[in-house]
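Reviewing the structure listed below.
The values are calculated or read from the model by the stated rules, or taken from the named source; none is laboratory data. Every value quoted in this text rests on a predicted model; they were computed, and no experiment measured them. With ideal geometry, Cβ positions are generated from the backbone for all residues, glycine too; neighbour counts draw on all protein chains shown. Side chains included, ligands, DNA and RNA excluded: accessible areas come from the protein's heavy atoms. Shrake-Rupley method; radii C 1.70, N 1.55, O 1.52, S 1.80 Å.
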Amino acid sequence: MKKFLFVFFLPAFSPVLSQDATVQDLKTQSSKTITKDPNDTIPKIWKTGGLISINLSQGSLSNWAAGGEKFSLSLNSLLSGFAFYKKNKHSWDNLATWNIGYVKTTSLGTRKNDDRVEFTSKYGYALNPKLNISGLFNVRTQFFKGYDYPDADTKNYTSNFFAPAYVLLSPGFDYHPVKNLSIFVSPATARWTIVRPDSLRALYGVPVDKPADFQYGAYATISYIANLGKAVSYTGKLDLFSNYRHNPQNVDLYMTNLFAAKISRILSVTYSLTLIYDDDVRQFGPHNTSAGLQVQSLFGAGLQVKFDNFTPRPPKAPAP
């Protein structure tokens, strides 16, 4: 992994490396459906809503810490909810997502191939139209038990709810140089890796006698969305963290990418690619003691429904 100075040069060379169901994407999508009641003269300072997506997918995994099937057909779903506040110079963005997926084969039965729960809350105070001073809170974990399957007859317990969980508290600056691009940078970030059962702590670099490992370092998150055509969109997010206290040159990475092509109002085709590198997760290599890049790739087609708290457009009057 490159040194953390990579964070400050990344936006100039590769702005399309950024995220999943991000705050910026949901803001854009929700604003498209706003139609205020003409009798309502009170400005709305809250926007709330969400997304439900269910896909039949073909997926492949490589070095995936939570475990799963290497190649299969699967059913995957995304539940996402948001609440955005904006008034004068103050903003407060909240986003919760849950990705859950299972595969079933005749030889191996039912297995989990996706399970990610994430909540992000970010407060901002505008210094100018493009720059906010902000505070960010993020927690990421999974909900159900996860296993690794090194062969057909072996199942190793690797994860559970809050095992691990990553909790991050970060003051910093949020920069919006162009529309739909957000660059948040913090030189002083606190991060906790929490693992409840002591039997799993060594897998995630947490001391066996402690439920959590505290880290202090520099953090950056970049989110970006783009329309690649009339019906195709890209949403990306890249998180980078350098631990000042241990091997700061080995930068942790969490990157999500989502390409979506709309077929109709509720039907879509999606492709997602998730990359994770955590220097403390040493489950890989010839002796299962090395860090490695975790890769998840999912392709699917299915239903996608958005909803929000705004008045829907009235139906057109029938022709006389």
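Within this structure, residue 208 passes the test of being touching a helix residue (DSSP H, G or I) at 6+ places or on another chain (Cβ under 7 Å) and surrounded by fewer than 15 Cβ atoms within 10 Å (Cβ to Cβ). Counting only strands (runs of 3 or more DSSP E) that sit completely within segment 107-153, those holding 1 or more residues that are among the basic types (Lys, Arg) and open to solvent by 20 Å² or more (accessible area, probe 1.4 Å) correspond to 109-128, 131-141.
Among the residues of segment 173-203, the one identified as more than 17 Å from residue 126 (Cβ to Cβ), in a strand (DSSP E or B) and touching a helix residue (DSSP H, G or I) at 6+ places or on another chain (Cβ under 8 Å) is 193.
Total residues in segment 123-155 satisfying the condition of being at pLDDT below 95 and over 22 Å from residue 212 (Cα atoms): the figure is 9. The set of residues in segment 82-102 that are crowded, with 18+ Cβ neighbours inside 10 Å and over 12 Å from residue 124 (Cα atoms) comprises 82, 95, 97, 99, 100, 101, 102.
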